[in-house]
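Below is one structure, written out as structure tokens; comments come after it.
The values are calculated or read from the model by the stated rules, or taken from the named source; none is laboratory data. The shown structure was predicted, so the numbers you read here are calculated from the model rather than taken from an experiment. Neighbour counts run over all protein chains shown; Cβ positions are idealised from the backbone, glycine included.
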């Protein structure tokens, strides 16, 4: 039973291990909770999930698991959903009219009794129908049913009653890392790009060597210095500021402020839809164009290139001469892109459009092809992958 | 062992109580995360109070090393003493300075050990404490002794999420995320701090507070501890009764806002909002 629960969590992408499952079992043995489903929810959450960004996934998995009631071990059900809890759910949800509607079952006690009987009878998965516990039926038990007198045993949202359970509320939805992205999160991710190297010039005390030299000297202090370590990663950021990028301005700002904090050697440029012979240093003063040639000549190939853009445009803007919507370009956009790509060792493209929509846009697909599949979703997870590639 | 529950001056939600009790029963460190000012550090003190024991606090800074929690070998003093011919140098244990973890391990009672803001330290810091927190023992190389806990302390670790913690470390903890309190819980919290506060003032203050949290784009959302400070100011300043009431007329900025809003850009933004509101009329 708990193993199934554990596997469901694993399947939903929560990083949990056998050790934590054993902890949960131990906690149940120690009697940390009385048999209340809500307590079980809290307990298992604090033992199995170690990051609030996975809370929403946990909620969903928990809900799925408890929705698939018929898959459950009945013994567990009887033990873990106590009568008292069910009774409380009843009292919360029933009005007098509801009660009148039910002719076949006379009162609460009888329904309770029937519920337990049904549990004992039921031995296989069931859906629909009017007796067994399962989903979608008119039986008083299970979820998504139409019996106004039903016991709701887990379902998404509320159908007939207001018996919303914690895990169905999905309060932690915006903490999941596929959804939210914030300056701090990005900083944490970008930190992985840090590359500490010793640069000549600055010096700090080399304690180990000093001790060694001093003992070699027979106790006379001989101080040894070594160059200081500094974060040497260099980054060039290219932001798309086209109209279609407007909804993502905040996202870009966050990436920008995080990156600025993290890297001393960071330069940034703006472009519209796609790169051509020049980019802008300042989005407000577009007349100050920086030539792509200058960029390539100025920055060494170990600069890491990050493009940020939705890559959503007419395909001719990438592939055709004069394809740009703003000016006449002598060469197709892709040739400029390739020059950047050839000069620099590592390049990624962050795209704020959700990953599942990429295949439906020709220009995204083509840009992705140009980046040699180094296009990543602009979520924490995607940035994480991009950073991993860049720091390889 | 007594179970941890809300106390007279600390409101714990049921899920928090459960997490604390699970951590105590399983003898595992409890990792607490949450917005700044939601009472993470206070929790450890309250746990100590509620189960009637002492607390040892280890505040982590960016320069803190894991070793400092165990012990430090004061080589400099020993070197100096040797120059002076002090006889203490014969015994190396004279120069071993005990850390917070050692202190906690030595206690005769089951005590609470707070490791505050673990995310401030170096990224590797939690990894360096894995074994020590798991087995509750460590080895002192200088004196060749093994220190193990007489009573496993209740370890509370807080984090502000500035750095991601390593998986191996997380696996050994019980985790709880303190949610921002909802209005009714907030009311209880304020009541605990100011039992004599008038209902009307409280409700108006909470109105202002939650409205302020709703304002989009604030750099730093005011949190529980800021609300408490603010109410303290309101009460001590004996402000005119209606001042909170007037606010929607021409004050987008609540009175004595310094306690609530800690960022001058935020203040400026609220002022702009107020200006726009007035012009809109």
So which strands (runs of 3 or more DSSP E) are wholly in segment B:1-115 and hold at least 2 residues that are away from every other protein chain (no Cβ under 14 Å) and either at pLDDT below 90 or more than 30 Å from residue A:24 (Cα to Cα) (or both)? B:71-73, B:96-98
Filtering segment A:11-28 for residues that are within 16 Å of residue B:170 (Cα to Cα) and part of a helix (DSSP H, G or I) leaves a count of 7
So which residues in segment A:19-62 are surrounded by fewer than 19 Cβ atoms within 10 Å (Cβ to Cβ), at the interface with chain B (Cβ under 7 Å from one of its Cβ atoms) and modelled with pLDDT of 85 or more? A:19, A:26
Got at least one residue in segment B:194-206 being at pLDDT 80 or above and closer than 21 Å to residue B:158 by Cα? no
Would you please list the contacts, defined by Cβ atoms under 6 Å and residues six or more apart or on different chains, that run from a residue in segment B:127-142 that is at negative phi to a residue that is outside any helix (DSSP H, G or I) and loosely packed, with under 15 Cβ neighbours inside 10 Å? B:127/B:166; B:137/B:148; B:139/B:146
For segment B:149-171, give me each residue that is touching a strand residue (DSSP E or B) at 6+ places or on another chain (Cβ under 9 Å) and either in a loop (DSSP other than H, G, I, E, B) or facing chain A (nearest Cβ under 8 Å) (or both). B:149, B:153, B:160, B:161, B:165, B:170
Answer yes if at least one residue in segment B:173-185 is more than 14 Å from every other protein chain (Cβ to nearest Cβ), closer than 26 Å to residue B:270 by Cβ and more than 21 Å from the chain's Cα centre (by Cα), and no otherwise. yes
Scan of segment B:122-148 for residues that are assigned to a loop (DSSP other than H, G, I, E, B) and either touching a strand residue (DSSP E or B) at 6+ places or on another chain (Cβ under 9 Å) or within 14 Å of chain A (Cβ to nearest Cβ) (or both), ordered by number: B:122, B:123, B:124, B:129, B:136, B:141, B:142, B:143
Only unsatisfied item for residue A:13, checking (1) crowded, with 19+ Cβ neighbours inside 10 Å; (2) more than 10 Å from chain B (Cβ to nearest Cβ), is (1)
Yes/no for residue A:86 being on the phi < 0 side of the Ramachandran plot, modelled with pLDDT of 50 or more, in a helix (DSSP H, G or I) and within 14 Å of chain B (Cβ to nearest Cβ): no
